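The values are calculated or read from the model by the stated rules, or taken from the named source; none is laboratory data. All values derive from a computational prediction rather than experimental measurement. Cβ placement follows ideal geometry from the backbone for every residue including glycine, while neighbour counts extend to all protein chains displayed. Please note that ligands, DNA and RNA were not included when accessible areas were found on the heavy atoms of the full protein model with its side chains. Shrake-Rupley method; radii C 1.70, N 1.55, O 1.52, S 1.80 Å.
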Amino acid sequence: GMMRHYIHNGDGLPTWIHEELKSIQEMSHKFEDDATPVDLAESIAECMVPFACLPPERLLDGDALLFKFNGDVIRELVDDYLIPANARVDLTSSTFGRASDFDEHVSNMNVDHGNSNDENENENEAE
């Protein structure tokens, strides 16, 4: 709701949010622990896939840093994709699915599988 408010009222999205996130990402990347050679090779390979759209000079840092703020793209994504038809709602409960509830439910079920077919056959023969 707040993103829609900023997008459609006044000056659009404030750029200071992007600048703060960009600074945080730069610091995190700068002081990141060294990756193992296998992890580094895997990360570079993932960045080289065509849909990543990273230029060769950004293969080492392109997946970790923010670069250019584009409010129009953000507006388009929010308006076209963040809509109720695309929403997923997950309901959770601390009481749902407890084993003791299941056991109690099963023990309360009194299903008689033994004589029901025999009685139906006897009724059909009598007619």
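So here's what we get for this one:
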item	result
Difference of contour (0.36 nm per residue) and Cα-Cα distance, His29 to Leu66	12.2 nm
Inter-site label distance for Trp16 and Cys53 at 7 Å from Cα along Cβ, in nm	2.9 nm
Whole-percent carbon and sulfur share, accessible surface of segment 1-101, 1.4 Å	59 percent
Solvent exposure, largest accessible area first (probe 1.4 Å, DNA, RNA and ligands not counted), of Leu54, Leu60	Leu60, Leu54
